[in-house]
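Taking it in order: structure first as structure tokens, then the write-up.
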Amino acid sequence: MKERNKGILLVVIATIFWGIMGVTSRSLANAGLDPMSISFFRCIIASVGFLLWLLKTNKEVLKIDKKGIIVCSLYGIFTFALCFVAFNMSVAKIPISIATVLMFTNPIWVTIFNAIFFKEKITLRKIIVIIFAMIGCLCIANVFSGEKIQLDIIGVIAGAVTGILFALQIVIPRFFENTYKKDTMLIYGFIAGTIFLALFTDFSAINKAISTNSEPIKVILNILSIGLLSTFISNTFYVKATEYIDTGLTSILVALEPVLGSIFAFIIFGETLNGIQIFGALIIVLSAMLLECDFNRFKIFKFSK
């Protein structure tokens with residue numbers, strides 16, 4: 001039970017830091033940094049932070065063969081680098097709340113991928129929780145308000161792609177769990193993502209965006225925030241949590257992030273929450289609570305875990 005609680009705590013911490021990610025990404029975009037540059041900073045800061053941590057705590061996971069380098073590189077490029085770029089593109093083009101909702105369609109994709117590749121049973125309990133969580137997400141996106149919503153199609157597609165790639169962050173390591181440790185895949189994944197993004201990053205534009213900004217310190221702090229908190233800590237804790245709790249529970253618990261993302265977007269950018277959106281936030285919270293309640297104690301409900 002202690003390990004289960006540890007896994008849940010790791011996910012909660014990751015979720016809180018992801019909650020501020022949309023605001024930080026939007027702030028950096030407003031400062032003149034493009035999605036590729038923001039993604040590069042996320043990867044390189046996470047790479048350095050995680051490498052230093054491993055050198056101090058567990059150097060053994062740095063050992064890897066040639067096949068492992070290829071596997072981890074592809075893992076990092078697709079699930080970190082391209083996922084980061086897609087999210088930043090989405091946040092830049094559509095409301096933060098909707099971008100994060102699209103990102104956190106990942107519980108559906110995780111459940112589907114697990115059923116396809118690992119023959120995991122989709123229990124009634126998981127189905128109900130996923131449905132509740134997604135209804136809550138749609139409420140937060142203001143889909144049911146009747147208001148006319150105009151969304152940038154590229155932003156919507158980028159958000160949907162983010163959700164799929166995000167799900168693969170915890171699905172792919174399952175294929176290699178008996179071959180490579182999660183820490184090994186994380187560190188080499190981050191490094192490969194950094195190298196990949198560096199090839200497409202305009203460093204002169206980054207220098208110009210920071211040097212000509214009226215508040216350069218604020219830009220730097222936002223870069224550190226999105227790199228350390230919203231990437232190094234969040235992504236590491238997210239993947240590490242799967243060592244203690246199953247991937248389905250991990251991904252659904254993270255569905256709390258749109259609630260936090262919407263709150264931070266309201267505080268910083270004035271993206272308001274109406275009654276339906278608040279109702280959606282409550283549904284998501286209750287959905288997460290449903291995972292931790294033992295409904296088998298009641299005669300009416302008989303859920304398999």
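Obtain the nm distance between the two label points defined at W53 and I112 by a simple spin-label model: each point lies 7 Å from its Cα along the Cα-to-C-beta direction.
For W53 paired with I112, the spin-label model returns 3.1 nm.
For the pair E243 and N207, what calculated FRET efficiency results from E = 1/(1 + (r/R0)^6), where r is the Cβ-Cβ distance and R0 = 41 Å, to the nearest 0.05?
0.55
Provide the gained length on full extension for the span L9 to I153, in nm with one decimal, where the gain is 0.36 nm per separating residue minus the Cα-Cα distance. Walk me through the intermediate numbers first.
Details: separation 144, 0.36 × 144 = 51.84 nm, distance 3.57 nm.
Here the segment from L9 to I153 would lengthen by 48.3 nm.
Order these peptides, 39-45, 25-31, by their mean beta-carbon neighbour count within 10 angstrom, highest first.
Highest-to-lowest ranking by the protection proxy: 39-45, 25-31.
What distance in nm separates the simple spin-label points at I278 and A198, each placed 7 Å from Cα in the Cβ direction?
Inter-label distance under the simple model: 4.9 nm.
Using θ = phi - 60° and the Karplus form 6.51 cos²θ - 1.76 cosθ + 1.60, what ³J(HN,Hα) does each residue of the stretch 40-45 get, whole Hz, x for Gly and Pro?
Those phi angles translate into 4, 4, 4, 6, 5, 5 Hz.
Report the extension gain between I16 and N30 in nm, rounded to one decimal, defined as 0.36 nm multiplied by the number of residues separating them, less their alpha carbon distance. Present the calculation step by step, with values, prior to reporting the outcome.
Values: separation 14, 0.36 × 14 = 5.04 nm, distance 2.26 nm.
Stretched out fully, the I16 to N30 stretch lengthens by 2.8 nm.
With an 8 Å Cα cut-off and a minimum separation of 6 or more residues, compute the relative contact order for the stretch 2-297 in percent.
Numbers: 430 pairs, mean separation 125.1, N = 296.
Averaging sequence separation for qualifying contacts and normalising by length gives 42 percent for the stretch 2-297.
Taking 0.36 nm per residue of sequence separation and subtracting the Cα-Cα distance, how much length would be gained by fully extending the chain between S214 and I131, in nm to one decimal?
On the way: separation 83, 0.36 × 83 = 29.88 nm, distance 4.53 nm.
Here the answer is 25.4 nm.
Return the subset of K67/K93; K6/K208; K66/K119; K56/K93 for which the Cα-Cα distance in this structure is over 32 Å, preserving the input order. If you can, show how the numbers build up before the last one.
On the way: K67/K93 38 Å; K6/K208 43 Å; K66/K119 30 Å; K56/K93 40 Å.
Violating the 32 Å limit, Cα to Cα: K67/K93; K6/K208; K56/K93.
Quote the convex hull volume per residue of the stretch 2-297, based on C-alpha atoms, as a whole number of Å³. It would help to have the intermediate numbers written out before the result.
Working: hull volume 40.9 nm³, N = 296.
Spread over its residues, the Cα hull of the stretch 2-297 gives 138 Å³ apiece.
Here, each number is a calculation from the coordinates, and none is a lab measurement. As the structure is a computational prediction, the values presented were derived from the model and not from experiment. Cβ: placed from backbone, ideal geometry, glycine included. Neighbour counts: every protein chain shown.
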